[in-house]
1. Would it be correct to say that Arg228 is among the basic types (Lys, Arg), within 16 Å of ligand 2 (Cβ to nearest atom) and outside any loop (DSSP other than H, G, I, E, B)?
2. Do any residues in the range 281-295 that are of a type in the set (Asp, Glu) have Cβ atoms under 9 Å from those of residues that are open to solvent by 40 Å² or more (accessible area, probe 1.4 Å), where the two are at least six apart or on different chains, and which pairs are they?
3. Go through the residues of the range 267-283 one by one and say whether even a single one is within 15 Å of ligand 2 (Cβ to nearest atom), basic (Lys, Arg) and not in a helix (DSSP H, G or I).
4. Kindly establish whether Arg166 is of a type outside the set (Gly, Ala, Ser), surrounded by fewer than 19 Cβ atoms within 10 Å (Cβ to Cβ) and part of a loop (DSSP other than H, G, I, E, B).
5. Can you spot a residue in the range 185-192 that is assigned by TED's automatic domain parsing to the domain that holds Gly173, in contact with a helix residue (DSSP H, G or I) (Cβ under 7 Å, 6 or more places away or on another chain), within 25 Å of Ala100 (Cβ to Cβ) and modelled with pLDDT of 95 or more?
6. Does Asp152 satisfy the criteria of being surrounded by fewer than 16 Cβ atoms within 10 Å (Cβ to Cβ) and either closer than 14 Å to Ser314 by Cβ or in the same structural domain as Phe324 (by TED's automatic domain parsing) (or both)?
7. Being open to solvent by less than 50 Å² (accessible area, probe 1.4 Å), assigned to a strand (DSSP E or B) and within 15 Å of ligand 1 (Cβ to nearest atom) is the filter here, so list the residues in the range 3-57 that pass it.
8. When the range 284-299 is examined, which residues are found to be away from ligand 1 (no atom under 16 Å from the Cβ), touching a helix residue (DSSP H, G or I) at 6+ places or on another chain (Cβ under 7 Å) and either outside any loop (DSSP other than H, G, I, E, B) or open to solvent by 10 Å² or more (accessible area, probe 1.4 Å) (or both)?
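The values are calculated or read from the model by the stated rules, or taken from the named source; none is laboratory data. A quick note: this is a predicted structure, and the numbers were derived from the prediction, not measured. Cβ placement follows ideal geometry from the backbone for every residue including glycine, while neighbour counts extend to all protein chains displayed. For accessibility, only protein heavy atoms count, side chains too; no ligands or nucleic acids. Shrake-Rupley method; radii C 1.70, N 1.55, O 1.52, S 1.80 Å.
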Amino acid sequence: MKIVAVEAIPFAIPYRKPLRFASGEVHTADHVLVRVHTDDGIVGVAEAPPRPYTYGETQESILAVVGTVFAPEVTGLSLLEREVARARMDRTIGNPTAKAALDMACWDALGRSLDLPVTQLLGGFTDRMRVSHMVGFATDEAMVAEAEHVRDTYGITTFKVKVGRRPISLDVGACRALRTALGPDVELYVDGNRGWTPSEAARALAAMADLDLTLSEELCPADDVVGRRWLTAQTPVPTVADESAVTPGQVTRELLDGAATMISIKTARTGFSTSQRILHQCEGMGAEIVMGNQIDGQIGTACSVAFGAAHRHSSRRAGELSNFLDMSDDLLTEPLEIHGGELAVRPGPGIGIEIDPDKLAHYRTD
Ligand code: MUC
Ligand code: MG
């Protein structure tokens with residue numbers, strides 16, 4: 001169970017339809033595949049999605065930090081020394097998706113070594129999650145058509161609508177069009193990716209008061225310290241901290257400040273080890289959580305559902321597990337499938353996925 005090598009492989013898979021949101025847009029999944037090799041021939045895998053507009057990482061920076069800093073720090077450790085690996089990686093500030101991918105690849109290798117699914121090692125609560133679909137910026141008609149297609153094809157009835165545009169009336173109109181078209185039985189919530197000021201956010205939420213929004217995520221920047229508290233104190237819609245709550249310390253700050261009432265957990269940025277800390281922290285503080293999506297491919301989505309389904313607290317709400325549907329292809333031998341609005345955890349040891357060598361050879365860019 002000793003780590004003997006770590007590989008970081010860049011790849012690029014185009015999106016059929018780009019995702020647009022207030023802080024950026026994604027046209028290509030230019031991710032990094034991280035592979036951890038052990039002395040007994042086990043290989044654990046995970047992927048890191050660079051999100052420069054959220055964390056400052058790029059594909060090149062992930063390759064560099066894994067190759068030159070993290071790989072030497074974890075090589076020689078046992079897969080059971082995950083706390084040592086985490087402590088060593090934490091000497092380096094930032095780089096959340098690079099650290100997370102390495103952490104999850106180690107868990108995958110551990111599961112494969114023990115011939116047990118990671119989801120059972122983490123908690124084994126259930127074997128599936130309801131899926132929430134993210135609708136990016138487009139015309140009202142295109143956003144409605146996408147949501148209807150996803151509902152009719154995959155049975156998904158929970159939608160996160162990207163907001164944060166200027167003028168705010170664009171987003172208010174889109175949310176109203178979605179509610180009108182989809183009816184009262186679907187769940188709608190919004191994510192602003194820091195696009196609005198607190199006063200714009202307050203006006204927009206007031207204008208949408210009749211739309212039965214269940215959550216409002218990251219409507220304005222974390223540095224709007226007083227404004228976020230002011231907003232959270234006045235809105236009856238729970239406020240979710242996403243990119244403002246990437247570390248356990250930031251989670252504490254957001255919740256104790258009254259800047260947010262709920263937390264989005266993304267395994268793509270906190271792996272399994274730190275996500276589990278944040279999950280327990282939120283449970284202890286009485287804060288609900290959402291399993292978020294870092295615009296993950298199928299590898300990242302398999303990680304997210306393995307984690308989300310493993311715990312009661314993370315499996316209560318629909319998880320954001322459908323962004324991979326917009327990719328033109330992926331690297332797995334067996335694609336993930338959403339049926340009846342649910343995604344099942346992959347059976348099998350580790351995360352339960354296998355990389356198709358031909359697809360990797362085709363899409364790798366090194
Ligand atoms: C989300 O929930 O914000 C968009 C940017 C990012 O960092 O994650 C996505 C989805
Ligand atoms: Mg978000």
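1. Numbers: among the basic types (Lys, Arg): yes; within 16 Å of ligand 2 (Cβ to nearest atom): yes; outside any loop (DSSP other than H, G, I, E, B): yes.
Considered against the rule, which asks whether it is among the basic types (Lys, Arg), within 16 Å of ligand 2 (Cβ to nearest atom) and outside any loop (DSSP other than H, G, I, E, B), Arg228 comes out as yes.
2. Hits for this filter: Glu283/Arg312; Glu288/Pro238; Glu288/Thr261; Glu288/Arg316; Glu288/Arg317.
3. No, the range 267-283 has no match at all.
4. Numbers: of a type outside the set (Gly, Ala, Ser): yes; surrounded by fewer than 19 Cβ atoms within 10 Å (Cβ to Cβ): yes; part of a loop (DSSP other than H, G, I, E, B): yes.
Yes: the conditions hold for Arg166.
5. Within the range 185-192, one or more residues are assigned by TED's automatic domain parsing to the domain that holds Gly173, in contact with a helix residue (DSSP H, G or I) (Cβ under 7 Å, 6 or more places away or on another chain), within 25 Å of Ala100 (Cβ to Cβ) and modelled with pLDDT of 95 or more.
6. Numbers: surrounded by fewer than 16 Cβ atoms within 10 Å (Cβ to Cβ): yes; either closer than 14 Å to Ser314 by Cβ or in the same structural domain as Phe324 (by TED's automatic domain parsing) (or both): yes.
Yes, satisfied.
7. Residues satisfying the conditions are Tyr15, Pro18, Leu19, Phe21, Gly24, Val26, Ala29, Glu47, Ala48.
8. Met285, Gln298
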